[in-house]
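No lab work stands behind these numbers, since they all come straight from the coordinates. Since the model is a prediction, treat every value here as computed from it, not as a measurement. For neighbour counting, all protein chains shown are included, and Cβ atoms are generated from backbone atoms with ideal geometry for every residue, glycine included.
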Amino acid sequence: MLWRLRLTRCQPCVEAAVADLTKEAIDALKGAMRGQVLQMSDTGYNQARQIWNAAIDRRPALIVRCAGVADVRRAVSFARERGLLLAVRGGGHNIAGSAVCDDGLVIDVSSMKSVRIDPRARRAYVEPGVTLGEFDHEAQEFALATPLGINSTTGVAGLTLGGGFGWLSRQYGMSVDNLLSADVVTAAGELVHADASHDAELFWAIRGGSGNFGVVTMFEFALHPVGPEVYAGLYVLPLEHAPDALRKYDAATAAMPDDLSVWAVMRLAPPLPFLPAEVYGKPIIAFAVCYTGPAEQAARTVDVVRSFGQPYGEHIGPMPYTAWQKAFDPLLAPGARNYWKSHNFASLSDGLLDAAMAALARLPSPQCEIFFGQIGAATARVPAGATAYGNRDANYVMNVHARWDDPSDDARCTQWARSYFDASAPFALGSVYVNFLTQDEQGRVRAAYGANYERLVAAKTRYDPNNLFQHNQNIKPLPA
Ligand SMILES: Cc1cc2nc3c(=O)[nH]c(=O)nc-3n(C[C@H](O)[C@H](O)[C@H](O)COP(=O)(O)OP(=O)(O)OC[C@H]3O[C@@H](n4cnc5c(N)ncnc54)[C@H](O)[C@@H]3O)c2cc1C
């Protein structure tokens, strides 16, 4: 029950549509595809239905591994004409597991992996199966980048469509602020090139409205000079110093330059080589620092974190941007069970810090953590109505990561996350980043979009009136 998305379409209707699928229809679909169509009995099916969050265990009737736009169009039309429940998979990282449905059809675009960089025009043209690491690999060849997330195996597609933020966001904005155009296969199966002057309403809606409006088959991003070296690393203190350190951090944030990002993570210490061995497994707060400005100013600029307290250890210095983009991969590997809760904050109040410390005193598993991602700066200088992503007043995105391995810990770990989420709610802005919503949070979709919600409903009613794209944090169209 916990892991089931609340569907608009009734479960018996979903099952009836699958029961109506004939062998002839499936064979015809297979014959029409350049990519692969997998059924439950096929080799590779079990691997193809797995996603980053191992707590999600769903069995679609068909997984269509699209090789290109033609496959996507055919798969969309196949699902629409047969009334099949439809899910869309990019990098497979979404915590809610929206990439995979029970029964129904998955459009899997993860093998569409082209990245074309135009270094002169500073543009990237990116297919929807590309991961952040793959994007960086191509763009960094020319010392270029665009704001994306902090874990290299995340999909560019789902991250961007929900908003997207990472180490470069304070300098260059959200991922959607750097999206210049997109090719979208709509519910009608049409291919639309959307930008500021063509299908502008669709272009507005996909910049935050997630997978509600169609399947994006190409993203065009603006690129910026970044690296190839940045000045980055970790500054690690004992957890008991966290309230004082976080107060200093919050006070320093307003004066930090756009090219400095500092995030805070509280958890048990992983075996980081620069920490004394006796610190491993002890509660810590780690400030993760990334400075992308002029090298000669780096040491002086990051010095601010050293005022946060006496550390257990630090490792901050020049390193390749691509290495920093992978620094958190070992802690975020696929295969564990995960449950998240998230709030946005304008500032870190004492009540919030008390709630965080109380939660950290009763961590239910060694992999659980609370982090504050720092945004603001360039992300806040865009008007809230400019894109569907509208949380422009958020200076910090807090995520409580419950993470564990044994299914018998499901209830204990999810309850821990929920309880801290409730305790921290009075200090939050009330909005939330849609990409951090779990499968049982459809009720927060309106809050995720705030004043932009009604406009999104109008766009949904125009572009997907029958809610074909509903296996997501769903924006429901108006009834016909
Ligand atoms: C370990 C980890 C670290 C993360 N770090 C960050 C971070 O630093 N910054 C940040 O902003 N977010 C971060 N996220 C959240 C991330 O943005 C979301 O999980 C996002 O949904 C991942 O996209 P995906 O393509 O990998 O996911 P998927 O699960 O494949 O897709 C999620 C949903 O997006 C939609 N979608 C995907 N591809 C398409 C497409 N081509 N067309 C239309 N709709 C599509 C679908 O509705 C799909 O169900 C992180 C997530 C994880 C698990």
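Numerical summary
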item: Neighbourhood charge, 11 Å Cβ-Cβ cut-off, centred on Y291 and excluding it, Lys, Arg +1 and Asp, Glu -1; result: -2
item: Along principal axes, Cα extents of region 164-216, largest first, whole Å; result: 37, 21, 13
item: Neighbourhood net charge (13 Å Cβ-Cβ; Lys/Arg +1, Asp/Glu -1) for D199; result: -2
item: Rotationally averaged projected area of region 327-473 (alpha carbon convex hull; nm²); result: 10.3 nm²
item: Sum of side-chain charges, S431 neighbourhood, beta-carbon under 15 Å (Lys, Arg +1; Asp, Glu -1); result: +2
item: Residues E141 and Y45, FRET efficiency given R0 of 41 Å [Cβ-Cβ distance, rounded to 0.05]; result: 0.70
item: Helix 453-463 vs. the chain, principal-axis angle (Cα, 0 to 90°, nearest 10); result: 30 degrees
item: Using a Förster distance of 35 Å, the FRET efficiency for R82-D409 (Cβ separation, nearest 0.05); result: 0.35
item: Relative contact order of region 88-175, defined on C-alpha pairs under 8 angstrom at six or more residues apart (%); result: 26 percent
item: Full-stretch length increase - A358, L180 - with 0.36 nm per residue and alpha-carbon distance subtracted; result: 59.7 nm
item: Using θ = phi - 60° and Karplus 6.51 cos²θ - 1.76 cosθ + 1.60, couplings along region 298-308 (whole Hz; Gly, Pro as x); result: 4, 4, 5, 5, 7, 4, 4, 5, 6, 7, 7
item: Relative frequency of Cα-Cα separations exceeding 19 Å in region 43-131, percent; result: 42 percent
item: Cα convex hull of region 374-424, projected area averaged across orientations, nm²; result: 5.0 nm²
item: Intensity falloff of region 187-230 expressed as log10 I(q)/I(0), Debye formula with alpha-carbon point scatterers, at q = 0.18, 0.19, 0.27, 0.31 Å⁻¹; result: -0.61, -0.65, -1.07, -1.32
item: In nm, spacing of pseudo-spin labels at A323 and E454 (7 Å Cα→C-beta vector); result: 5.3 nm
item: Region 409-448: translational diffusion in µm²/s, Stokes-Einstein, Kirkwood Rh over Cα pairs, 37 °C, 0.692 mPa s; result: 294 µm²/s
item: Between 0 and 90°, nearest 10: helix 242-253 axis offset from the chain longest Cα axis; result: 80 degrees
item: Once the Cα gyration tensor of region 7-61 is diagonalised, semi-axes √(5λ) in Å; result: 21, 19, 9
item: Long-range Cα-Cα pairs in region 278-344 (distance over 17 Å), rounded percent; result: 61 percent
item: Distance between modelled label sites at A19 and S114, nm, 7 Å Cα→Cβ extension; result: 4.3 nm
item: Equivalent ellipsoid dimensions for the chain as semi-axes, Å, which come from the Cα gyration tensor, largest first; result: 37, 25, 21
item: Square roots of five times the Cα gyration tensor eigenvalues for region 106-188, Å; result: 19, 15, 13
item: Karplus-derived 3J(HN,Hα), 6.51/-1.76/1.60, for each residue of region 407-416, Hz, glycine and proline x; result: x, 5, 8, 3, 5, 4, 6, 5, 5, 4
item: Projected label distance in nm at R122 and A384, using a 7 Å step from Cα toward the beta-carbon; result: 3.0 nm
item: Protection-proxy order for peptides 324-336, 38-50, 426-438, each taking the mean of Cβ atoms within 10 Å per residue, highest first; result: 426-438, 324-336, 38-50
item: Taking the chain and dividing mean pair separation by its residue count, relative contact order in percent (alpha carbons under 8 Å, at least six apart); result: 17 percent
item: Descending Cα extents along the principal axes, region 129-286, whole Å; result: 59, 30, 29
item: Fully extended contour minus Cα-Cα distance, from A196 to A252, at 0.36 nm per residue; result: 16.5 nm
item: Kirkwood Rh, angstrom, region 1-152 [1 / mean 1/r, Cα pairs]; result: 16.7 Å
item: Percent of C-alpha pairs per 10 Å bin, region 394-480, short to long; result: 15, 38, 27, 18, 2
item: Intensity falloff of region 233-383 expressed as log10 I(q)/I(0), Debye formula with alpha-carbon point scatterers, at q = 0.10, 0.12 Å⁻¹; result: -0.36, -0.52
